[in-house]
Amino acid sequence: MTTLRQTVQKRKYHKNAYQFVFAALRHVQEQLGRDRSDQNTGHVSGRELLEGVRDLGKLHFGLMTMPVFARWGVHGTEDFGKIVFELIDAGEMRKTDDDVLEDFVDVYDFRTAFVDDYQVDTDRAFSRN
């Protein structure tokens with residue numbers, strides 16, 4: 001079995017992109033109440049994973065999400081699909097028979113998701129606590 005380190009060394013994306021996919025997977029599983037240790041109930045679809053990518057991108061990087069992703073070599077949702085399938089091929093992730101790369105193609109536009117629709121949360125900035 002190939003290790004994540006070996007997978008990352010052979011691939012075109014930055015190592016942080018692979019780690020981010022795992023973080024997004026955990027994030028989605030937690031939000032959906034799925035058991036990460038159970039292959040059947042812990043499964044996440046491509047679209048669900050991409051929602052996690054969007055959430056975590058905004059949470060961790062804010063308006064810098066697109067430049068960060070671009071630095072990693074990720075320019076659209078399909079790139080995250082390619083990362084997922086590289087990890088599957090390396091034995092680091094699992095898939096069902098229904099999972100295909102096309103599940104990740106053009107799910108949302110990065111500019112719309114991370115710039116145009118971005119809203120700054122000012123609640124904490126202006127609270128008196």
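Looking across region 86-106, the residues that are more than 13 Å from ALA17 (Cβ to Cβ) and either assigned to a helix (DSSP H, G or I) or in contact with a Pro (Cβ under 6 Å, 6 or more places away or on another chain) (or both) come down to ILE88, ASP89, LEU101, GLU102, ASP103, PHE104. A count restricted to region 77-122 and to residues that are closer than 19 Å to LEU56 by Cα, among the charged types (D, E, K, R) and out of contact with any Ser or Thr (no Cβ under 9 Å at 6 or more places or on another chain) stands at 7.
Residue count for region 107-129, restricted to those that are surrounded by 10 or more Cβ atoms within 10 Å (Cβ to Cβ), free of Cβ contacts under 8 Å to residues at least 12 places away in the same chain and not in a loop (DSSP other than H, G, I, E, B): 1.
Filtering region 31-73 down to residues that are modelled with pLDDT of 95 or more and touching a Lys or Arg at 6+ places or on another chain (Cβ under 9 Å), which residue is nearest to LYS95 (Cα to Cα)? Within region 31-73, the match that is nearest to LYS95 (Cα to Cα) is GLY52. Scanning region 32-59 for residues that are over 17 Å from TYR108 (Cα atoms), free of Cβ contacts under 8 Å to residues at least 24 places away in the same chain and either exposed (fewer than 12 other Cβ atoms within 10 Å of the Cβ) or not small (Gly, Ala, Ser) (or both) returns LEU32, GLY33, ARG34, ASP35, ARG36, SER37, ASP38, ASN40, THR41, VAL44, LEU59. Listed by first and then second residue, the pairs linking a residue in region 92-106 that is closer than 17 Å to VAL53 by Cα to a residue that is in a loop (DSSP other than H, G, I, E, B), with Cβ atoms under 9 Å apart and 6 or more places separating them unless they lie on different chains, are ASP103/SER45; PHE104/GLY76; VAL105/GLY76; ASP106/GLY76.
The values are calculated or read from the model by the stated rules, or taken from the named source; none is laboratory data. What you see is a predicted model, and the numbers here were worked out from it, not measured in a lab. Here Cβ is always computed from backbone atoms with ideal geometry, including for glycine, and neighbour counts include all displayed protein chains.
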